[in-house]
Structures are given as structure tokens and as C-alpha cells.
Amino acid sequence: MAPRLHPWPVRLMHWINAIAMVVMIMSGWGIYDDYVIVPGLHFSETFRLGTWAAPSLLWHFAGMWLLAVNGLCYMIYGLVTGRLRKRMLPIRVGELVQTVCDTLHLKIGHEDLTVYNAVQKFLYVMVILVGALQVVTGLLVWKPIQFSAAVAVLGGFQAVRLEHFIGMSVIVGFLVVHVALSILVPQSLWAMLTGGPRPPTGEKPS
Amino acid sequence: MKSPFRPATLPDPAILDNHRRLIRLLERRRVLRGGLSLGALALLTGCDVNSDAAVDKALRYVSSFNDRVQAALFDPAHLAPTYPPSMILKPPKFNAYYDITRVKPVSAQNWTLELAGLIADKRPWTVERLATLPETEMVIKHICVEGWDYIGGWSGPTLRSFLERVGADLRAKYVAFKTADDYPSSIDMATALHPQTLLATKYAGAPLADPFGFPLRLRMSTKLGYRTRSGSPPLK
């Protein structure tokens, strides 16, 4: 039988990542609140993990392992099985523009879950790269002296801190769209839970 | 497969017509969906992750694992970047768990640095005696765990030279400090022996002012956000 759209390792890693991301974002907001980057932007206690900065840090430094190890597993799996290449590439600029125009004209086609459109591919690749960058900038904010050369390359401690914050903002922006679309197209959410359809063989995704 | 709960003889089909409206409401899916939201509700109300002892224990376990990771990452020879004295912020940023108006001045006459633990010479140190030790100056960035930073210039004996002078057992794992403003803390020996770890007595060439740690302040270049005022180091 042909493999499902989302084989079980992908589903498992997706949901582990979902938990890790929520933990990292909410605990990150708790740490951020001690010394804000955007004046006036505070995160309400409801959306913060940890009652104040110290427990938020404990959460953040625990969640980071889940995020980084799971992310590494996903990358290895995606590269070894060829899933990343087959599903995310190639991204053609022409298709990207076309899909954006179609979407703006409310022509959203999600009949075939097994093929990602150019915008989906672009957003997925982008959020994977930003996630990896978050791990790097996070490591630098944690250990700015041991990695002082890398911190200098990225513009200094405050610049790295800002980059880490921007990375979070991009991921949160992605999440809003991602969750909204999964609610609008529930079969895609269902597919990430149960595996989804078995695409016809020939061009089988793995 | 036939359900084991299906009766052997089926009732009169006419009964279905009479209760069509009720039957339409009987959806198994609704039960499942109701169960799901019940579970979600239990998650929202039943478990507060912020005050759960088991969660706290798990987080602290990961934290002590992280201590081992950062010990492995720590390079005792790697120096923090230094800056020209012209970049020193004057006066330094005040930061404590209390407001600057609540600083209790320390009297230079009455203050001593008391020593305890794995140390050969435990005679207490006065301000004058500390001033006789050879000084090292460093202009480094003070990065707070909260996220802010500033460039400061501190001078005083290195903690390593002090520990060697008093005959401390350098194989001890930690150096603990008790402070005049009741803010105890401890550091690992690798950090204590780092060449940029000072027992600072001066800031920007002048003696430390009262709100900024007079008469003695532990300054570490390799740690985020430590500020310690007037230490007495027992070794453990």
C-alpha cells in the first residue's frame, strides 16, 4: 500500500514541535516582559508560562531541548527520506506570484491535500529556517561570552536579542495563518492527526 | 461486524417514524465531540503548571542538566570582549531587588570580609587590607539576565589571586558569597578562577559608590546578570 500523506514520524514530530513551540513562545514572553524590546508591548500574564522571569527561564531552557532535538530529528528524517526535497521544492517565483494573486481573488484550492502550492512551500521552508535560526540566536543570547565571535558577527548582544525577538514574531505570524487555515480546511488538520490520504503511487511522497 | 448490543429481534420499524426528531439528535459523534471539549476543560481548570510540584521538580532536573552543559561549553581561557575606557557608563546602572532610595550604606570601619570553608587563612579582611592587593582593571559589558546591558570599568584583585592568597582549596566545586544586603549567591570554581572574575573595589578608577556595591563587588565577565555587594566567601 502507498504510504500516507503524513507518515507517523512526521505526525509525531509535528505535534511534539507544536507543544515545544507553544512552550518556547509563552515562556519567552515571560522572559521578555522583564525588559521589553518594543516600548509599551507587554504580554499579559494569561499568555505567559511561568509566574515571573525566573520560572519562565526554567521553562524556556527545558523547552529548548524538545524543540532543538525534535527539529534535528525532523531535518534528518526529511533529508534521508527525501521528503523535504520532494514536498517543499522547487519553489518557483512565478507560481508564488500566481498563488498570491489567486488567493487575493479568493480562489483558494485545497482539494488536493497531497500537493503543496508555492505559497505553502515558501512558508513551510521559511518557518523551518527561522526555527533553526531561533535555536542559533537563542544559544547566543544564552552564552554571549563563550560565543562572543558569533555574537559580534550578528551585531552584538542587543542585536542578537532583537533577532531572536523578530524570529519569534515571524513564527507567531506563521502560526496565526497556519492554525486559521487548518480550521478553514479541517481535512488538512485531520490529515495531520490520522495520516491523510494515500497519494497514488508513481509520485509517492515519503 | 454486527454489534453485540444489537437486539436479536428488531423492533417495529414504525417506531422510527414516530421518534424521527429524537433519533436525529442521537449522534455518536456528538458524544465524542462533547468528550473532547470536556477533556479540554479539564486541562484548563484541573492542572496549573505554574504551581505543580512535579512540574517544578522536572524543570529543576533539566536545569541541573543545563548546568553540566554550560560547564562543558565553558572555556576557561576564553576572554570576554573588552572596550576602551571612554565607553564606560558613568555612573553605572543601579540594579537590586530594592530601590536605590533604600540602599543601606556600609560603614568602611565596621565592614570585614569574613572567610569560611576550605580556606587555610581565615583571618577576616578589612577595606584597607583589601586595598593592598594588586589590582586588575577590566572594561567589559555587564549583561543582565533581564536583557539590558552597559559597558562598565571595574578594578580590584582577581578572585583567583585572592583565593590563592588565602590558601583556598581550588579543587572545591563552588565559591559562595553572603552579602551585606542579604543577597546570597554562589558560583562554580571554573568561573571563580577565570582571569576576568574580579573582587572589584573601584568603578571607572574611583572607589565604588554606596549604591553600586561599596566596598566590594563580585564582577564576572562570563556570567549574565550577577551583581553582588560586599561578599564573604565560604567555600564548599
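All of the numbers you see were taken from the coordinates with simple rules; none came from a lab. Remember, predicted model here, so these are calculated numbers, not experimental data. Positions of Cβ are generated from backbone atoms using ideal geometry, with glycine treated the same way; all protein chains shown enter the neighbour counts.
What does the highest-first list of B:92-103, A:69-80 look like by mean Cβ count within 10 Å? List each step's numbers first, then the result.
Details: B:92-103: 12.5, A:69-80: 15.1.
Top of the packing list down: A:69-80, B:92-103.
Provide the net charge surrounding A:V160, with neighbours chosen by a C-beta distance below 14 Å and charges set as Lys +1, Arg +1, Asp -1, Glu -1.
My count for the surroundings of A:V160 gives +1.
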In whole Å, how far is the Cα centre of region A:80-96 from that of region B:61-118?
50 Å
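Within region A:1-60, list the chymotrypsin sites (Phe, Trp or Tyr not before Pro) lying in a DSSP loop whose Cβ has at most 16 other Cβ atoms in a 10 Å radius. Before the final figure, lay out each step's value.
Working: sites: A:W15, A:W29, A:Y32, A:Y35, A:F43, A:F47, A:W52, A:W59; in loops: A:Y35, A:F43, A:W52.
Passing both the DSSP loop test and the Cβ count: A:Y35, A:F43, A:W52.
Of the cross-linked pairs B:K104/B:K173; B:K122/B:K223; B:K57/B:K141; A:K143/B:K93; B:K93/B:K178, which ones have a Cα-Cα span greater than 24 Å in the structure shown? Mind showing how you got there, number by number?
Values: B:K104/B:K173 32 Å; B:K122/B:K223 27 Å; B:K57/B:K141 34 Å; A:K143/B:K93 22 Å; B:K93/B:K178 22 Å.
Beyond 24 Å: B:K104/B:K173; B:K122/B:K223; B:K57/B:K141.
Any idea what the relative contact order of chain A is, in percent, if you count C-alpha pairs under 8 Å spaced at least 6 apart?
Values: 186 pairs, mean separation 64.9, N = 206.
Result for chain A is 31 percent.
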